[in-house]
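The values are calculated or read from the model by the stated rules, or taken from the named source; none is laboratory data. Quantities reported herein were computed from a predicted structural model and do not represent experimental measurements. Cβ coordinates were reconstructed from backbone atoms using ideal geometry, including for glycine residues, and neighbour counts include every protein chain displayed. Side chains included, ligands, DNA and RNA excluded: accessible areas come from the protein's heavy atoms. Shrake-Rupley method; radii C 1.70, N 1.55, O 1.52, S 1.80 Å.
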2 protein chains.
Amino acid sequence: MPDLKFAGGLIPVVTVDTRTREVLMVAYADREALDLTRETGLAHYYSRSRKKIWKKGEESGHLQRVVRILVDCDEDTLLYEVEQEGVACHTGHRSCFYRTLDGEEIAPRVLDPEKIYRK
Amino acid sequence: MPDLKFAGGLIPVVTVDTRTREVLMVAYADREALDLTRETGLAHYYSRSRKKIWKKGEESGHLQRVVRILVDCDEDTLLYEVEQEGVACHTGHRSCFYRTLDGEEIAPRVLDPEKIYRK
């Protein structure tokens, strides 16, 4: 395994849909989140706002099955290739990158966000 | 324009090949690098190690023509969709993400890195 660089304990993760190749989201992992991802085959991240490990989909059911993990040349960024259950974005869009910088929506909302978090 | 969140003056940028949809690299931009990118149509970043603005390809000639810039739901990450001249990675691979976490190379080196930096 490469000598990953965790800055302040965290490494950025780009998450890509393995079927459509779409970038779904960018988040961060600490060593434990990465280990959990590898052990369970489900994407785990570290939430900087909640200051804890976070299994993607733990509340929404929208899990990410990790097919492959890539690392970049500098060993300071990861890429999770995933099969996305439901949608990646809490807004109900498949990807968190659904807008241009000028505010144009380039992808539709496919789920009602009120229905994503059912608990 | 959304209220972008620059953490410590920087925002992460995922750069994607607009034709192949491949993730080419992840880097950072400050406000000035972003403004230069929009003004010139060529990808600019901020180099944390060299502590300066960096036009991608300024030494190698491997420019990135920016077709569209997306922003994520939290407005703390950007995505540049680019037409990549040559290769994105200084190793001579098209993408910086050419290896799995287990060290398997999933994409070939397409250029000799010694020939990339000609000056």
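The table that follows gives values for the structure above.
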read-out	value
For residue A:32, label point 7 Å along C-beta direction: distances to other copies, nm	4.0
Extreme residue, positive dipole direction of the range B:12-119, given options B:77, B:106, B:92 (C-beta unit charges)	B:92
In the A-B interface, the accessible area buried, summed over both sides, Å² (probe 1.4 Å)	3100
Residues of the protein assembly as shown: accessible area per residue with a 1.4 Å probe, Å²	49
The range A:1-115 - percent of accessible surface contributed by carbon and sulfur, probe 1.4 Å	46
Inter-chain Cβ neighbour average for residues A:22-31, partner chain, 10 Å	3
3J(HN,Hα) from dihedral phi, the range A:43-57, Karplus parametrisation 6.51/-1.76/1.60, rounded to Hz, x for glycine, proline	5, 10, 9, 10, 7, 6, 6, 8, 6, 7, 5, 9, 7, 4, x
Rotation relating A and B, chain B residue nearest the axis via C-beta, angstrom	B:21, 2
Rounded to the nearest 20 debye, dipole of the protein assembly as shown from Cβ charges on Lys, Arg, Asp, Glu	160
Of every Cα-Cα pair in chain A, the percent that sits beyond 23 Å	30
When the convex hull of its Cα atoms is projected in every direction, mean area for the protein assembly as shown (nm²)	12.9
Helix-only mean residue ellipticity at 222 nm for chain B, each DSSP H run of n ≥ 4 adding -39500 (n - 2.57), per residue, nearest 500	-3000 deg cm²/dmol
Residue among B:49, B:60, B:95 with the largest mean-square fluctuation in a Gaussian network model of chain B, springs linking Cα atoms under 10 Å	B:49
Copies compared at residue A:91 - label distances in nm, ascending, label defined 7 Å from Cα in the Cβ direction	3.4
Relative contact order computed over the range A:8-119 (Cα-Cα under 8 Å; 6+ residues apart), in percent	23
Test item: B:36-48 mean partner chain Cβ contacts at 10 Å	0
Per-copy distances of the residue A:1 label point, shortest first, in nm (7 angstrom along Cα→Cβ)	4.0
Folded to 0 to 90 degrees: helix B:31-40 orientation relative to chain B principal axis, Cα	70
Within the range A:63-119, GluC sites (Glu not before Pro) in DSSP loop having at most 10 other beta-carbon neighbours inside 10 Å	A:104
Shielding score for B:75-81, defined as the mean number of other chain Cβ atoms within 10 Å	4
Fraction of alpha-carbon pairs over 16 Å apart in the range B:1-65 - percent	47
Counting all C-alpha pairs of the range A:27-86, share separated by more than 18 Å (%)	30
